[in-house]
Amino acid sequence: MFWDKVKETMPREELEALQSARLREVALRAARSPFYKNRFAEAGVEPGDVRGLEDLRRLPFTTKQDLRDWFPYGLVAADMKDVVRLHASSGTTGKSTAVFYSRADIDNWADMVARCMAMTGADSSDVFQNMTGYGMFTGGLGMHFGAERLGMLTIPMGAGNTKWQMANMKMYGTTVIHITPSYALHLCEEFAAEGIDPKRDLKLRIALVGAEPYSEGTRRKLEDFLGASVFNSYGLSEMNGPGVAFECVEKNGMHLWEDHYILEIVDPKTLEPVAEGERGEIVMTTLTREAMPIIRYRVRDLTSVLPGACPCGRTHRRIDRITGRSDDMLIIKGVNVFPSQIEDALMSMSEVGGGWQIELTRVEGADHIAVNVEVADSFFRGDIKELNRLRKSIQGAIKNETLVTPEVKLVEPNTLPRSVGKAVRVIDKRQI
Ligand code: ADP
Ligand code: ZN
């Protein structure tokens, strides 16, 4: 289903012409902010000389550190009287950063989110329960405004308070939810503990799941248990928040709205564009933002552009599932390991529950990796041989995926810390 068919299916040449025109405007607008005035001068860029996409790569990059150095107002390019909202990133990788919105920015954002939601088959007859944090986190108000724009009955629950979430889902007949993958796994455990079978007892049909990386295995686990279709949702506060890229019903990657953003994928070391279809770091330029335009932002999330046209008819390119951030990569005994690889291995095993955590330490000068994994109670009441067999097979699965052999510790359900927002999956004690 389309929210804005003309824009969503715009022929590529038209889309690129629109990007060129908007890039000219955004370069001029950005130069009004103290940060870009300075950065353009340093880079010898005259914003008025930007003719279009062909000049994109002459523009300098922007990094999270720039946002921190010029915190809070250094990137604001509008008159403060026209700025109506502030959000802040969740600070997963350090000090948080602030983002500003004009009325038009809020309006465009709601429109993009409505597009994303419509793309999954949600419509105005749905009951939408937003189960991510409100407040400064963009997942709350961002999805909220988009859901209302689409016309869904919107329940602003926020994250946490799981029993109350479940009660609301039953009372109001919730059909669509928005939730982080880690909280969704936790929710499933709570349903099971309460003897609720979502397939039998709820009307849930769509789960919009994002804000942190998760694997196909996690998607399958959630879909099987919830009896709902799970769609991957991608965004970041620097680019508004959720609604940047989303899966359509084909579930073959996430369409990224190229009338609002320019997408580049670069090699994290050389910062040169990667060959088509190769993995690299996302770099994005906002095309319509008034209050805080951002040019060539190094997002650090790793993905690739998927080849070919999507059968759904949308012309906006698709990015693959994000495997993590370039700064998430762990180096364990000299081997590069992403937490998402370990998740992949764990979620492919039906015995594994929702909770898991990686613990890195240094033992006699060498890296040591332990993976704590929750498994069903029954394993602890049964034969010790079974427990050992499971431990070995988890160890083997992780080794297959990452080439490192971890120590695997099996723990009872609900013993590892739970998060209702973004989960902390890695505890690195090697620096301490
Ligand atoms: P922070 O950067 O502090 O976590 P944000 O709330 O802006 O703050 O989070 C944006 C980041 O969350 C993205 O850059 C990405 O790393 C991660 N993220 C968001 N959605 C997804 C998704 N669907 N898959 C993987 N990672 C995601
Ligand atoms: Zn599609």
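Mind checking which pairs have a first residue in the range 26-52 that is assigned by TED's automatic domain parsing to the domain that holds Val76 and over 20 Å from Met239 (Cα atoms) and a second that is β-branched (Val, Ile, Thr) and surrounded by 11 or more Cβ atoms within 10 Å (Cβ to Cβ), Cβ under 7 Å, 6 or more apart or different chains?
none
So, Thr270, is that one in contact with a helix residue (DSSP H, G or I) (Cβ under 8 Å, 6 or more places away or on another chain) and in the same structural domain as Met1 (by TED's automatic domain parsing) or not? If you could, list the steps in order and put the result at the bottom.
Numbers: in contact with a helix residue (DSSP H, G or I) (Cβ under 8 Å, 6 or more places away or on another chain): no; in the same structural domain as Met1 (by TED's automatic domain parsing): yes.
The answer is no for Thr270.
In the list Glu258, Glu223, Glu250, Glu212, which residue meets the criterion of being more than 11 Å from ligand 1 (Cβ to nearest atom) and either within 20 Å of Met347 (Cβ to Cβ) or in a strand (DSSP E or B) (or both)? Break it down stepwise before answering.
Working: Glu258 fails: either within 20 Å of Met347 (Cβ to Cβ) or in a strand (DSSP E or B) (or both); Glu250 fails: either within 20 Å of Met347 (Cβ to Cβ) or in a strand (DSSP E or B) (or both); Glu212 fails: more than 11 Å from ligand 1 (Cβ to nearest atom).
Glu223 is the lone residue from the list that is more than 11 Å from ligand 1 (Cβ to nearest atom) and either within 20 Å of Met347 (Cβ to Cβ) or in a strand (DSSP E or B) (or both).
For Ala43, indicate whether it is of a type in the set (A, V, I, L, M), surrounded by 15 or more Cβ atoms within 10 Å (Cβ to Cβ) and closer than 16 Å to Ile294 by Cβ. Walk me through it before giving the result.
Details: of a type in the set (A, V, I, L, M): yes; surrounded by 15 or more Cβ atoms within 10 Å (Cβ to Cβ): no; closer than 16 Å to Ile294 by Cβ: yes.
Answer is no for this residue.
Go through the range 211-225 and give me each residue that's touching a residue at least 40 places away in the same chain (Cβ under 8 Å), open to solvent by less than 40 Å² (accessible area, probe 1.4 Å) and not aromatic (Phe, Trp, Tyr).
Applying the first criterion (touching a residue at least 40 places away in the same chain (Cβ under 8 Å)) to the range 211-225 yields 211-218, 220-222.
Still in the list and also open to solvent by less than 40 Å² (accessible area, probe 1.4 Å): 211-212, 214-215, 217-218, 222.
Of everything in the range 211-225, those that are touching a residue at least 40 places away in the same chain (Cβ under 8 Å), open to solvent by less than 40 Å² (accessible area, probe 1.4 Å) and not aromatic (Phe, Trp, Tyr) turn out to be Ala211, Glu212, Ser215, Gly217, Thr218, Leu222.
Residues that are within 15 Å of ligand 1 (Cβ to nearest atom) and either of a type in the set (Asp, Glu) or open to solvent by less than 50 Å² (accessible area, probe 1.4 Å) (or both): list the strands (runs of 3 or more DSSP E) wholly contained in the range 279-390 that include at least 1 such residues.
Per the criteria, 280-286, 297-303.
Would you mind finding the one in Ile358, Ile342, Ile319, Ile331 that is of a type in the set (Val, Ile, Thr) and within 16 Å of ligand 2 (Cβ to nearest atom)?
Numbers: Ile358 fails: within 16 Å of ligand 2 (Cβ to nearest atom); Ile342 fails: within 16 Å of ligand 2 (Cβ to nearest atom); Ile331 fails: within 16 Å of ligand 2 (Cβ to nearest atom).
Checking each option against the conditions leaves just Ile319.
Hey, among Val76, Val84, which residue is crowded, with 19+ Cβ neighbours inside 10 Å, aliphatic (A, V, I, L, M) and within 15 Å of Arg289 (Cα to Cα)? Don't jump to the end; show me each part of the working.
Numbers: Val84 fails: crowded, with 19+ Cβ neighbours inside 10 Å.
None of the others qualify; the one that does is Val76.
Let's see how each residue does on (1) in a helix (DSSP H, G or I); (2) under 23 Å from Trp257 (Cα atoms):
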{"site": "Phe2", "(1), (2)": "no, yes"}
{"site": "Glu14", "(1), (2)": "yes, yes"}
{"site": "Gln19", "(1), (2)": "yes, yes"}
{"site": "Leu23", "(1), (2)": "yes, yes"}
{"site": "Pro60", "(1), (2)": "no, yes"}
{"site": "Gln65", "(1), (2)": "yes, no"}
{"site": "Tyr73", "(1), (2)": "no, no"}
{"site": "Tyr101", "(1), (2)": "no, yes"}
{"site": "Met112", "(1), (2)": "yes, yes"}
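Rundown of residues vs (1) within 20 Å of the chain's Cα centre (by Cα); (2) open to solvent by 20 Å² or more (accessible area, probe 1.4 Å), yes/no style:
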{"residue": "Gly133", "(1), (2)": "yes, yes"}
{"residue": "Thr138", "(1), (2)": "yes, no"}
{"residue": "Met152", "(1), (2)": "no, no"}
{"residue": "Val176", "(1), (2)": "yes, no"}
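Please enumerate the residues belonging to the range 254-266 that are open to solvent by 10 Å² or more (accessible area, probe 1.4 Å) and within 16 Å of ligand 2 (Cβ to nearest atom).
Leu263
Return the only residue of Ser229, Ser233 being of a type in the set (Ser, Thr, Tyr), open to solvent by 20 Å² or more (accessible area, probe 1.4 Å) and within 16 Å of ligand 2 (Cβ to nearest atom). So that I can check it myself, show each step before the final result.
Values: Ser233 fails: open to solvent by 20 Å² or more (accessible area, probe 1.4 Å).
Selected residue: Ser229, the only one of Ser229, Ser233 that is of a type in the set (Ser, Thr, Tyr), open to solvent by 20 Å² or more (accessible area, probe 1.4 Å) and within 16 Å of ligand 2 (Cβ to nearest atom).
On the basis of being farther than 30 Å from Arg325 by Cα, assigned to a loop (DSSP other than H, G, I, E, B) and out of contact with any Ser or Thr (no Cβ under 6 Å at 6 or more places or on another chain), does Thr154 make the cut? Give the derivation first.
Values: farther than 30 Å from Arg325 by Cα: yes; assigned to a loop (DSSP other than H, G, I, E, B): no; out of contact with any Ser or Thr (no Cβ under 6 Å at 6 or more places or on another chain): yes.
For Thr154, the condition - farther than 30 Å from Arg325 by Cα, assigned to a loop (DSSP other than H, G, I, E, B) and out of contact with any Ser or Thr (no Cβ under 6 Å at 6 or more places or on another chain) - is not met.
I'd like to verify a number: residues in the range 227-240 that are over 9 Å from the mean Cα position of the chain (by Cα), near ligand 1 (Cβ under 7 Å from one of its atoms) and within 17 Å of Asn130 (Cα to Cα), how many?
Of the range 227-240, the ones over 9 Å from the mean Cα position of the chain (by Cα) are 227-231, 237-240.
After this cut, where a residue has to be near ligand 1 (Cβ under 7 Å from one of its atoms) as well, the list is 237-238.
The next check asks that each one be within 17 Å of Asn130 (Cα to Cα); those that pass are none.
Residues in the range 227-240 being over 9 Å from the mean Cα position of the chain (by Cα), near ligand 1 (Cβ under 7 Å from one of its atoms) and within 17 Å of Asn130 (Cα to Cα): 0 in total.
Name the residues in the range 138-171 that are within 16 Å of ligand 1 (Cβ to nearest atom) and touching a helix residue (DSSP H, G or I) at 6+ places or on another chain (Cβ under 8 Å), would you? If you could, list the steps in order and put the result at the bottom.
Going residue by residue through the range 138-171, those that are within 16 Å of ligand 1 (Cβ to nearest atom) are 138-144, 146, 158-159.
Thr138, Gly142, Met143, Gly146, Gly158, Ala159 - these are the residues of the range 138-171 that are within 16 Å of ligand 1 (Cβ to nearest atom) and touching a helix residue (DSSP H, G or I) at 6+ places or on another chain (Cβ under 8 Å).
Ala98 is checked against (1) closer than 30 Å to Ala423 by Cβ; (2) open to solvent by 20 Å² or more (accessible area, probe 1.4 Å); (3) among the hydrophobic types (A, V, I, L, M, F, W, C) and fails just one. What number does that condition carry?
So the condition that Ala98 fails would be (2).
So is Ile282 in contact with an Asp or Glu (Cβ under 7 Å, 6 or more places away or on another chain), away from ligand 2 (no atom under 16 Å from the Cβ), under 24 Å from Glu212 (Cα atoms) and among the β-branched types (Val, Ile, Thr) or not? Give the steps one after another, and end with the answer.
Numbers: in contact with an Asp or Glu (Cβ under 7 Å, 6 or more places away or on another chain): yes; away from ligand 2 (no atom under 16 Å from the Cβ): yes; under 24 Å from Glu212 (Cα atoms): yes; among the β-branched types (Val, Ile, Thr): yes.
Answer is yes for this residue.
Taking the condition in contact with a Leu (Cβ under 7 Å, 6 or more places away or on another chain), modelled with pLDDT of 90 or more and under 28 Å from Leu222 (Cβ atoms), does Ile322 pass? Walk me through it before giving the result.
Details: in contact with a Leu (Cβ under 7 Å, 6 or more places away or on another chain): yes; modelled with pLDDT of 90 or more: yes; under 28 Å from Leu222 (Cβ atoms): yes.
It is true that Ile322 is in contact with a Leu (Cβ under 7 Å, 6 or more places away or on another chain), modelled with pLDDT of 90 or more and under 28 Å from Leu222 (Cβ atoms).
The values are calculated or read from the model by the stated rules, or taken from the named source; none is laboratory data. As the structure is a computational prediction, the values presented were derived from the model and not from experiment. Cβ atoms come from the backbone with ideal geometry, glycine included; neighbour counts cover every protein chain shown. Keep in mind that these areas ignore ligands, DNA and RNA; they rest on the heavy atoms of the full protein, side chains included. Shrake-Rupley method; radii C 1.70, N 1.55, O 1.52, S 1.80 Å.
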